[in-house]
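The values are calculated or read from the model by the stated rules, or taken from the named source; none is laboratory data. Bear in mind that the values here come from a model prediction, so they are computed numbers and not experimental data. Cβ atoms come from the backbone with ideal geometry, glycine included; neighbour counts cover every protein chain shown. Ligands, DNA and RNA are stripped out before the accessible areas are found, and what is left, the full protein with its side chains, is counted by its heavy atoms. Shrake-Rupley method; radii C 1.70, N 1.55, O 1.52, S 1.80 Å.
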Amino acid sequence: MSGRPVAMAVLASEQLWPNIQGLVYWHKHRGGVNHLCIYHTSDEKRSLAPAMGLARLCYDLYPHVQVHLSGQQQPAAVLAGDRDPLIQPQAVRAQLRAWRAKFPGQRLIVNATGGLKLMFAGVLDCLDLPETEVVYRELRGDEWYRLTRGPDGVQTEPFDVPLDVTDDIPVEALVGCQWKPANGTWTTEKPHHLRVADLVRQARAHNWNWQEAFKACNLPSQDQLGVLFERFVAASLLALGIKQVARNCRLWVGDKTLLEVDLVANHGGRLLIIDCKLRRREDKRVEGITSQIRQAAEIRRRLGGLAAELLLLRPGMTLSEEERQIAESHGLKVLDASCTLQFFQHLWTFVGGTGGLPKEAAEAQAYLDVAAKEGDLEALAGSIRGPLGDSPVPIRTILDFDAILNDVRNFVALQGQDWVVYKLQGAYVLCGYTEEKLSPQDLKAMVSKHFAIAKIKQIQRSNTGLSFWTTLEIPTKDDIEKLHDLLRSYTGKRLFRT
């Protein structure tokens with residue numbers, strides 16, 4: 001039955017990706033589509049608007065394909081909650097039979113993935129129609145099935161649809177299909193290929209100041225840090241081999257911006273959304289993380305539903321376990337400060353990459369691996385090993401290391417830590433803070449529990465007894481690397497609660 005032009009019928013719903021994927025696959029690989037028939041109900045949000053969005057996308061991609069929409073909207077009483085007759089099996093069956101009769105001599109492919117269960121029942125009544133093929137895709141998976149009627153009832157036969165079949169569709173066309181209110185217009189900016197490995201090297205050398213990094217790479221650097229960081233992330237996606245990437249995606253209604261999304265990519269049958277915020281949690285301009293999570297979840301739902309993935313990229317903060325669970329419960333992925341030293345590997349996983357990193361991304365990741373071995377605890381948004389402010393500490397006749405150490409304490413306390421380790425003349429010194437005064441024995445036992453890798457020398461305490469410091473004696477060079485790994489696992493955590 002393959003190789004001949006077809007008419008395709010679909011059931012419109014908020015989950016548009018199966019319909020998009022099926023349309024492109026049959027058009028590219030199965031002889032082409034002449035007619036797209038879209039069945040929709042009276043539900044404006046869940047059916048009619050998606051139907052219009054799919055029609056727009058078809059016009060954009062294949063102007064020669066004729067689009068046919070099913071019946072008109074029902075009266076207001078239906079929209080107010082009365083049962084919509086268009087969801088009934090008999091209504092679906094009648095419309096599909098009418099389309100079958102309208103295109104004699106052509107195959108009719110019916111994609112039964114969308115719609116409600118009652119509507120699906122109407123599709124099953126059409127399994128015996130001549131020259132008709134019924135297919136279905138799992139919403140939460142990539143499995144496609146061909147449905148047939150056998151002697152013992154309905155049977156399924158799996159078949160493959162390549163995940164990359166939709167990878168050539170521009171992002172702007174996809175977001176316009178998914179969400180476009182009346183008088184709405186989407187605009188996007190095309191990212192540029194950049195030498196991301198050079199940018200990583202220069203950014204680390206300049207304490208992750210992206211303006212200085214872009215300047216050092218002879219790239220335009222006048223934009224704000226956050227904008228430059230977005231350009232770096234977009235270039236990182238290109239370095240991973242993602243073909244369709246857009247940044248600064250804006251939905252306009254008139255002259256007002258209704259929505260702004262930092263980065264959107266189309267790859268592997270999914271819409272990949274990245275929400276970037278470079279600022280640290282302590283910046284007063286940063287709204288609460290739970291509010292950010294709610295907004296991001298709504299963007300994901302609007303732009304792609306179950307076929308969209310959204311990454312909260314927060315290199316300036318470490319989310320607590322509770323915050324991470326809230327994000328994951330909303331279907332979001334998180335890449336925070338604790339993951340930034342493996343940035344390219346995590347980004348590769350997010351886009352669905354398998355095997356080793358592509359060459360340019362691997363080169364950039366190698367610089368981050370070196371940073372981790374040299375003791376860096378984070379990357380991309382500033383490092384503890386660099387200056388703790390907008391400008392370096394001024395050189396004075398006498399350096400007040402007590403004041404500098406106090407700044408460090410305040411800095412890590414904002415991340416939820418009650419400890420800091422610094423290196424002085426080759427020695428590793430641990431400073432910790434407790435909620436109540438502990439005995440020397442209890443304090444030493446607690447330190448030994450968390451730092452069993454080191455030999456604990458004499459512990460000294462402040463006058464209040466609420467802070468202490470001790471030297472961690474590390475036996476071998478291998479143990480030093482283990483200490484760095486241990487400290488990374490402790491980042492953002494309190495160790496000395498009683």
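Being surrounded by 14 or more Cβ atoms within 10 Å (Cβ to Cβ), part of a loop (DSSP other than H, G, I, E, B) and not β-branched (V, I, T): is that true of S221 here?
Considered against the rule, which asks whether it is surrounded by 14 or more Cβ atoms within 10 Å (Cβ to Cβ), part of a loop (DSSP other than H, G, I, E, B) and not β-branched (V, I, T), S221 comes out as yes.
Among the residues of the stretch 177-195, are any in a strand (DSSP E or B), among the polar types (S, T, N, Q) and buried (at least 18 other Cβ atoms within 10 Å of the Cβ)?
yes
Restricting attention to strands (runs of 3 or more DSSP E) lying wholly within the stretch 96-166, give those where 2 or more residues are surrounded by 14 or more Cβ atoms within 10 Å (Cβ to Cβ) and of a type in the set (S, T, N, Q).
So the answer is none; nothing clears 2.
Of the residues in the stretch 6-25, how many are within 14 Å of F103 (Cβ to Cβ) and modelled with pLDDT of 90 or more?
Within the stretch 6-25, residues that are within 14 Å of F103 (Cβ to Cβ) and modelled with pLDDT of 90 or more number 3.
Looking at the stretch 332-354, which of its residues are open to solvent by 10 Å² or more (accessible area, probe 1.4 Å) and in contact (Cβ under 8 Å) with a residue 60 or more places away in the chain?
S338, W348, F350, G352, G353
With modelled with pLDDT of 90 or more and either of a type in the set (G, A, S) or surrounded by fewer than 20 Cβ atoms within 10 Å (Cβ to Cβ) (or both) as the only criterion, which of Q66, Q74 stands out?
Q66
Count, please, the residues in the stretch 80-95 that happen to be over 14 Å from H68 (Cα atoms) and not in a loop (DSSP other than H, G, I, E, B).
The number of residues fulfilling the criteria is 9.
Can you say whether I456 is farther than 30 Å from P315 by Cα and of a type in the set (A, V, I, L, M), as far as the supplied structure shows?
For I456, the condition - farther than 30 Å from P315 by Cα and of a type in the set (A, V, I, L, M) - is met.
W208 versus (1) open to solvent by 30 Å² or more (accessible area, probe 1.4 Å); (2) in contact with a Gly (Cβ under 6 Å, 6 or more places away or on another chain): which is the lone unmet condition?
The one condition W208 does not meet is (1).
Quick test for you: out of T257, T290, pick the one residue that is out of contact with any Ser or Thr (no Cβ under 6 Å at 6 or more places or on another chain), at negative phi and in a strand (DSSP E or B).
The unique qualifying residue is T257.
Taking the stretch 7-32 only, how many residues are surrounded by fewer than 22 Cβ atoms within 10 Å (Cβ to Cβ) and not in a helix (DSSP H, G or I)?
Residues flagged as surrounded by fewer than 22 Cβ atoms within 10 Å (Cβ to Cβ) and not in a helix (DSSP H, G or I) within the stretch 7-32 amount to 5.
Report, by residue number, each residue of the stretch 41-63 that is open to solvent by less than 80 Å² (accessible area, probe 1.4 Å) and in a loop (DSSP other than H, G, I, E, B).
Result: T41, S42, D43, Y62.
Quick one: L357 ticks every box in (1) open to solvent by 10 Å² or more (accessible area, probe 1.4 Å); (2) within 23 Å of V227 (Cβ to Cβ); (3) touching a residue at least 40 places away in the same chain (Cβ under 8 Å) except a single one, so which number is it?
(2)
Would you mind finding the one in R279, R231 that is surrounded by 20 or more Cβ atoms within 10 Å (Cβ to Cβ) and among the charged types (D, E, K, R)?
R231
Checking E172 against (1) open to solvent by less than 30 Å² (accessible area, probe 1.4 Å); (2) under 20 Å from the mean Cα position of the chain (by Cα), which single condition isn't satisfied?
Result: E172 passes all but (1).
Please count how many residues of the stretch 93-119 are within 35 Å of the chain's Cα centre (by Cα) and free of Cβ contacts under 8 Å to residues at least 24 places away in the same chain.
1
Name the single residue, out of those in the stretch 77-95 being more than 20 Å from C126 (Cβ to Cβ) and open to solvent by 80 Å² or more (accessible area, probe 1.4 Å), that is modelled with the highest pLDDT.
R83
Only residues that are outside any loop (DSSP other than H, G, I, E, B) and open to solvent by 20 Å² or more (accessible area, probe 1.4 Å): list them for the stretch 234-254, please.
Selection gives L238, Q244, N248, R250, W252, V253.
Which pairs have Cβ atoms under 6 Å, sit 6 or more apart or on different chains, and link a residue in the stretch 436-457 that is without any contact (Cβ under 8 Å) to a residue 12 or more places away in the chain to one that is hydrophobic (A, V, I, L, M, F, W, C)?
S448/I456
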